[in-house]
Amino acid sequence: MIVVSNVSHRIGRAPILTDISLTLEKGGVTALIGPNGAGKSTLLSLIARLTPLQAGTITVDGLAVATTPGRTLARRLAVLPQDSAIDARLTVTELVGFGRFPHGAGRLTDADRAIVAASLQRFDLGDLAGRFIDTLSGGQRQRALVAMAHAQATDYLLLDEPLNNLDMQHARALMRTLRELADTERRTVLVVLHDINHAMAHADRVVALKDGRIAADGPPAAVAVPDVLERIFGYAMRVVDVDGDPVVLHHR
Amino acid sequence: MTSAALVSPRLYGVFAASVLALFAASLVVGAGSGTAALLLPSRLPRSLAALLAGAGLAIAGLVMQTIARNRFVEPSTVGATQSAGLGILAAAVFMPEAPIVLKMAAATLTALAGTALFLGLARRLPPTQPLLLPLFGIVYSSVVGAALTFLAWQADLLQFVEIWMNGEFSGVVRGRYELLFAAALMVALAWWAADRLTVAALGPAVATGLGLDLAATRRLGVVIVAVVSALTVVVVGALPFVGLVVPAMVSRLVGDNLRASLPLVALGGAGLVLAADIAGRLVRYPYEIPVGTILGVVGALVFLWLLWRGQHG
């Protein structure tokens, strides 16, 4: 369980998050949505201790992220940061292998190698395994980074805009994989998304931020309501029913 | 981690065999006959010094590039070499009778401070401009080097600075070069920390996510860079470009996973310095050209080529 209590955050004098409290039970996919600058990435970075906490507390399975050793947390929580520009020349297999870094001291064991192979396969990277990541397209590199986070084999998986750079086919495949990880491996997924229809289709719970506060929180059906969406994003959009699922016509 | 299996063992063999051949050549090439009287007190220490200094400097360059996440820096362009010079100058002024180990310690301390200050200042540079860091480094190194020259001039020790800042091996004899074995220790330290250093190169966000103590890893890297810089300045004098060109070329060959590339970088550095020293003995036979001069010319050309490739490759 991840518990965020009374977290506020400023960058310079600008308030980014104001008094956020949020509890994420174990299991399931939670989508974090909201307009640019709402504080989604900041909140995710704070939970993943990529940004130092200024006010409030965050615990992961009871461990305070501010004081728990990084390695201990890295065995429970993996994170895909936004725009992780990696210019080191590593092969895809090497990169995904570093997902095992928190678990071992040095060389990969056979068990580690099996996990790496499974991650490569799960994210459709078999053909690219031997390629250097600086020769990949943006979307391929993104998949390699997600596979690395997956190979970390943690209960909690945090992803900051993982659909960046992905084409429709791979975006859909990634969201379905996240869904599957939650359903079959009991992983807890927290994902920042811009495509609201992906959030509606694959998440169990949608948390919307606006101006650093929680603007909506609930199952997709409760958030996919024109009034709620207009309050979050600032413009009116139609929601239509397609075979029982809500589809947001946000682009019209 | 996994790539040791991907890099062909033959590549390691080729590198090791080349270094052995150069080492053997270094024992017999040069003015004077290859008698045992020359071999033991002079040629053997000289060749070992070239081997150790080369391997150490190449690793120091690799480590510096890894923690700075920039391919275009090395000990002499981050102020480490010049700061080490400040330390040995201070030692020469304030404790001229001190044993070489103490002078070495003084040089290490100032090299640590100089490198840490560089990294502290460099953090303010925008990461989107990779060429800004080496440019800033060259300016920073020049400022520290100018301070060194000024202080040495004040203390009437200018000619020593010339010796420290331009490496050469003809003065290396038994009883003085043995300190360089500490460079081998630094190579071993880098090997021990290879995975952590590689993770640090993935950037702060990914490294933190993987649970790396980034600050501690950076500190370890700075220690390796400072100790190697101080060692080479004290024992043989500065050797430019080794730490720049060897890691860059090995990276093109096998990538940046230190577990796989580090042995090749160490061997490559040893081979380059041995070869440059042998060339220095032959170009104006029977006179010698300092190895630092040879490396300056060769290294600068290779560096320019790498820069050009970086822009057009």
Problem set entry | Segments classed as strands (runs of 3 or more DSSP E), wholly inside segment A:1-43, with at least 2 members that are at pLDDT 95 or above, out of contact with any Asp or Glu (no Cβ under 7 Å at 6 or more places or on another chain) and among the polar types (S, T, N, Q) | A:14-24
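Would you kindly identify the helices (runs of 4 or more DSSP H) lying entirely within segment A:137-252 that contain at least 2 residues that are touching a Leu at 6+ places or on another chain (Cβ under 8 Å)?
Where helices (runs of 4 or more DSSP H) fall fully within segment A:137-252 and carry at least 2 residues being touching a Leu at 6+ places or on another chain (Cβ under 8 Å), they are A:138-151, A:168-185, A:196-202.
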Problem set entry | Residue that is nearest to the other protein chains (Cβ to nearest Cβ), among those in segment B:5-15 that are surrounded by fewer than 16 Cβ atoms within 10 Å (Cβ to Cβ) and at pLDDT below 70 | B:L6
For this session: Run B:T232 past the list (1) more than 30 Å from B:R176 (Cβ to Cβ); (2) in contact (Cβ under 8 Å) with a residue 60 or more places away in the chain; (3) polar (S, T, N, Q) and report the number of the one that doesn't hold.
Result: (1)
Exercise. Picking from B:L231, B:L239, which residue would you name as being not in a loop (DSSP other than H, G, I, E, B) and not acidic (D, E)?
Worked result: B:L231
Seminar exercise, completed: Filter segment B:167-226 for residues that are hydroxyl-bearing (S, T, Y) and more than 10 Å from chain A (Cβ to nearest Cβ); the one that is surrounded by the most Cβ atoms within 10 Å (Cβ to Cβ) is B:Y177
Seminar exercise, completed: Across segment B:279-313, the tally of residues that are surrounded by fewer than 20 Cβ atoms within 10 Å (Cβ to Cβ), in a helix (DSSP H, G or I) and of a type in the set (A, V, I, L, M) stands at 10
Problem set entry | Pair list, Cβ under 8 Å, 6 or more apart: segment A:49-63 residue modelled with pLDDT of 95 or more, other residue of a type in the set (F, W, Y) and surrounded by 15 or more Cβ atoms within 10 Å (Cβ to Cβ) | A:V60/A:Y156
For this session: Take the residues in segment A:50-60 that are in contact with a strand residue (DSSP E or B) (Cβ under 8 Å, 6 or more places away or on another chain) and not in a strand (DSSP E or B), then tell me which one is farthest from the other protein chains (Cβ to nearest Cβ).
Result: A:Q54
Seminar exercise, completed: Flagged in segment A:86-133 as facing another protein chain (nearest Cβ under 9 Å), in a helix (DSSP H, G or I) and not aliphatic (A, V, I, L, M), in numbering order, are A:T93, A:E94, A:G97, A:F98, A:G99, A:R100, A:F101, A:P102, A:D112, A:R113
Seminar exercise, completed: Within segment A:71-84, residues under 19 Å from B:T217 (Cβ atoms) and facing chain B (nearest Cβ under 7 Å) come out as A:R71, A:L73, A:A74, A:V79, A:P81, A:S84
For this session: Would you confirm whether any residue within segment A:6-15 is touching a Leu at 6+ places or on another chain (Cβ under 8 Å), away from chain B (no Cβ under 14 Å) and surrounded by fewer than 21 Cβ atoms within 10 Å (Cβ to Cβ)?
Result: yes
For this session: Mind listing whichever residues of segment A:208-252 are within 15 Å of A:I33 (Cβ to Cβ) and of a type in the set (G, A, S)?
Result: A:A208, A:G212, A:A215, A:A216, A:G218, A:A221, A:A222, A:A224, A:G234
Exercise. Only one of A:D124, A:D155 is surrounded by fewer than 23 Cβ atoms within 10 Å (Cβ to Cβ), at pLDDT below 95 and of a type outside the set (F, W, Y); which?
Worked result: A:D124
Exercise. (1) farther than 24 Å from B:S26 by Cβ; (2) crowded, with 23+ Cβ neighbours inside 10 Å: which one isn't true of B:G268, the others all being true?
Worked result: (1)
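The values are calculated or read from the model by the stated rules, or taken from the named source; none is laboratory data. Just so you know, these numbers come straight off a predicted model, no measurement behind them. When we count neighbours, we look across all protein chains shown, and the Cβ atoms used for this are built from the backbone with ideal geometry, even at glycine.
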